[in-house]
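J.: Here it is, the structure in full.
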Amino acid sequence: MLRPGRLEPYNHDMGRLNYDASAAFDIDDRLLAHLRIVAMNKLRRGESFMLQLPGANGGHLSILISPSMPLVLHFYGSRQPQLDVELLNDMMRAANGPDGLTLAAARV
C-alpha cells in the first residue's frame, strides 16, 4: 500500500529520511538502504540529484538532494536490509538521468 508521504510496499521495518530540518519521509528500510548507497555515491562526488516521492492526493514531491543540505537516514529495523544489485544499478541510472530518481512502492 502506498500512502501520501509514506512508501510502504510491504510490512518491512520502516525507516525515515530527514531532509534539512523541515521535512521527513517514512520509507521502507529496504528501499532506504538502496537510497543511502545512491546518495552516498552522488554526494561524495559533489553531485546533486532530484528525488521524486509520492505526495498527497496522487501528486508527488520533488526534492533536490544536494551536498549543501543535511540528510539523515534513520533505520528502525534491527537487521541491515539485503541489497539488490540490479535495483541499486537502476536507481543510480535514474539519479544520473535528467528526471532524477523516482521512489515508488513498485520498485521494491
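The values are calculated or read from the model by the stated rules, or taken from the named source; none is laboratory data. As the structure is a prediction and not an experimental result, all values here were calculated from the model. Every residue, glycine among them, receives a Cβ derived from its backbone with ideal geometry; neighbour counts consider all protein chains shown.
J.: What is the one condition in (1) crowded, with 17+ Cβ neighbours inside 10 Å; (2) modelled with pLDDT of 95 or more that residue 45 does not satisfy?
T.: (1)
J.: Now for a separate question. Residue 64: surrounded by 13 or more Cβ atoms within 10 Å (Cβ to Cβ), within 17 Å of residue 91 (Cα to Cα) and not hydroxyl-bearing (Ser, Thr, Tyr), yes or no?
T.: no
J.: Under 7 Å between Cβ atoms, which residue pairs at least 6 apart in sequence (or on different chains) link something in region 13-24 that is more than 15 Å from residue 68 (Cα to Cα) with a partner that is among the polar types (S, T, N, Q) and modelled with pLDDT of 70 or more?
T.: That search, which allows pairs on different chains as well, returns 24/18.
J.: Could you list, in sequence order, the residues of region 73-88 that are of a type outside the set (Ser, Thr, Tyr) and exposed (fewer than 11 other Cβ atoms within 10 Å of the Cβ)?
T.: 79, 80, 82, 85, 86, listed by residue number.
J.: Which residue is surrounded by the fewest Cβ atoms within 10 Å (Cβ to Cβ), if the candidates are limited to region 95-108 and must be under 11 Å from residue 35 (Cβ atoms) and modelled with pLDDT of 95 or more?
T.: Per the stated criteria, the residue is 95.
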